[in-house]
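The values are calculated or read from the model by the stated rules, or taken from the named source; none is laboratory data. Computed from a predicted structure; not experimentally measured. FYI the Cβ positions are ideal-geometry reconstructions off the backbone, even for glycines, and counts take in every protein chain you see. Heads up: the accessible areas ignore ligands, DNA and RNA and are worked out on the full protein's heavy atoms, side chains in. Shrake-Rupley method; radii C 1.70, N 1.55, O 1.52, S 1.80 Å.
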Amino acid sequence: MSVSTARPEPGIVVVTVDFPPVNALPVDGWYALADAVRAAGRDPETRCVVLAAAGRGFNAGVDIKELQRTPGHRALIGANDGCSAAFSAVYECEVPVVAAVQGFCLGGGIGLVGNADAVVASDDATFGLPELDRGALGAATHLARLVPQHLMRTLYYTSRTVTAHELHRHGSVWRVVPRGELAAAALGLAREIAAKDGTLLRLAKAALNGIDPVDVRRSYRYEQGFTFEATLVGVADRHRDAFVAGGKESPGTEPPGTHSPGTGKERP
């Protein structure tokens, strides 16, 4: 289990998350990811960061089993703070961040992708927030950066997912490619960005963040307060205990026969 950094080409840093089996990150994993992205952005030689993941999917959110086996609220507070640190690191990275998404992108994965500057996805990628099914609230801030407001609310209330192709139609995914071509496609976009003047890229990133209509950090932290409230009243633990007791390793969030809004296609 690790967060690794590579420099495949001048000006480009690839940060890869690898926490088998489903990239559900423990508290330390979120902080390690935040540190890696911040270090990459601070390096004056870096002009673009690619955020990638190994394995079955991009990200399945927090490690719920860690939350439930840790007495008290220490792990929950750590997950809240760790997620906030990682999401902020992506958003505040001094250079553009390209997210390369394969398979499932759920929960905390939406926080990372929603704060990235550009998204390239494989054709098997799906995106969603199963928070209500997991006794949590959060990352609606980031889902709202990927889909229109009413679709965001429908996805949030139902825990359904949408496909990379649908996000491409909404304009939030730059390209959708076969899974085997994802790394090359993300690197190709990063290469095009990294060809620009490094000083101007950093100024552009600061300028675009400065005109953002939503303070994403404050908005997300506000959401997290309701996760803690749900824990205090006992409803969150009830849902998380059920998830752990079910022994689920699959990050799927939809009941059989449902479909993503707008696709008109049944899921197997």
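Among residues belonging to segment 204-235 that are part of a helix (DSSP H, G or I), β-branched (Val, Ile, Thr) and at pLDDT below 95, point out the one that is surrounded by the fewest Cβ atoms within 10 Å (Cβ to Cβ). Before the answer, list the steps.
Let us first name the residues in segment 204-235 that are part of a helix (DSSP H, G or I), namely 204-210, 216-232, 235.
Checking the rest, the ones that are also β-branched (Val, Ile, Thr) come to 216, 227, 231, 235.
Adding the requirement that they be at pLDDT below 95 leaves 227, 231, 235.
Values: Thr227: 19, Thr231: 18, Val235: 12.
So, considering only residues that are part of a helix (DSSP H, G or I), β-branched (Val, Ile, Thr) and at pLDDT below 95, the one surrounded by the fewest Cβ atoms within 10 Å (Cβ to Cβ) is Val235.
Quickly run through segment 66-77 and pick out the residues that are surrounded by fewer than 23 Cβ atoms within 10 Å (Cβ to Cβ) and assigned to a helix (DSSP H, G or I).
Here is the first cut: in segment 66-77, the residues surrounded by fewer than 23 Cβ atoms within 10 Å (Cβ to Cβ) are 66, 68-75, 77.
Of everything in segment 66-77, those that are surrounded by fewer than 23 Cβ atoms within 10 Å (Cβ to Cβ) and assigned to a helix (DSSP H, G or I) turn out to be Glu66, Gln68, Arg69, Arg74, Ala75, Ile77.
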Residue selected from segment 165-203 under the condition of a type in the set (Asp, Glu) and assigned to a helix (DSSP H, G or I), by the criterion farthest from Thr46 (Cα to Cα):
Glu166
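Being modelled with pLDDT under 95, in contact with a helix residue (DSSP H, G or I) (Cβ under 7 Å, 6 or more places away or on another chain) and of a type in the set (D, E, K, R) is true for just one of Arg134, Arg175. Which residue is that? Let's see the steps before the verdict.
On the way: Arg175 fails: modelled with pLDDT under 95.
Every option except Arg134 fails the conditions.
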Cβ pairs under 9 Å, 6+ apart or interchain, first in segment 163-181 and without any contact (Cβ under 8 Å) to a residue 40 or more places away in the chain and farther than 9 Å from Val120 by Cα, second β-branched (Val, Ile, Thr) and open to solvent by less than 60 Å² (accessible area, probe 1.4 Å), ordered by first then second residue, are His170/Val147; His170/Val162
Taking the conditions exactly as written (crowded, with 19+ Cβ neighbours inside 10 Å and modelled with pLDDT of 95 or more), does Leu201 satisfy them or not?
yes
Take the conditions within 18 Å of Ala204 (Cβ to Cβ) and open to solvent by less than 10 Å² (accessible area, probe 1.4 Å) and apply them to Val49. Does it pass?
yes
Selection from segment 52-65 of residues assigned to a loop (DSSP other than H, G, I, E, B), open to solvent by 30 Å² or more (accessible area, probe 1.4 Å) and touching a strand residue (DSSP E or B) at 6+ places or on another chain (Cβ under 7 Å) yields Ala54, Gly55, Asp63
Within segment 143-155, is there a residue that is under 15 Å from Gly108 (Cβ atoms), touching a residue at least 60 places away in the same chain (Cβ under 8 Å) and among the hydroxyl-bearing types (Ser, Thr, Tyr)?
no
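Among the strands (runs of 3 or more DSSP E) lying completely within segment 78-148, list those that include at least 1 residues that are open to solvent by less than 20 Å² (accessible area, probe 1.4 Å), closer than 27 Å to Leu67 by Cα and of a type in the set (A, V, I, L, M, F, W, C).
Values: elements: 97-101, 104-106, 118-122, 126-128.
Passing ranges, in order: 97-101, 104-106, 126-128.
Could you tell me whether any residue of segment 158-169 is of a type in the set (Gly, Ala, Ser) and over 18 Å from Phe104 (Cα atoms)? Let's see the steps before the verdict.
Initially, segment 158-169 is screened for residues of a type in the set (Gly, Ala, Ser), giving 159, 164.
Keeping just the survivors that are over 18 Å from Phe104 (Cα atoms) gives none.
No, segment 158-169 contains no residue that is of a type in the set (Gly, Ala, Ser) and over 18 Å from Phe104 (Cα atoms).
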Got at least one residue in segment 4-25 being open to solvent by less than 10 Å² (accessible area, probe 1.4 Å) and in a helix (DSSP H, G or I)?
no
Condition check for Val37: within 16 Å of Pro96 (Cα to Cα), open to solvent by less than 50 Å² (accessible area, probe 1.4 Å) and assigned to a strand (DSSP E or B)
no
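With respect to Leu201, is the statement that it is touching a Pro at 6+ places or on another chain (Cβ under 8 Å) and either of a type in the set (Asp, Glu) or in contact (Cβ under 8 Å) with a residue 24 or more places away in the chain (or both) true? Steps first, please.
Working: touching a Pro at 6+ places or on another chain (Cβ under 8 Å): yes; either of a type in the set (Asp, Glu) or in contact (Cβ under 8 Å) with a residue 24 or more places away in the chain (or both): yes.
In short, yes.
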Would you pick out the residues in segment 140-190 that are under 22 Å from Thr16 (Cα atoms) and among the aromatic types (Phe, Trp, Tyr)?
Trp174
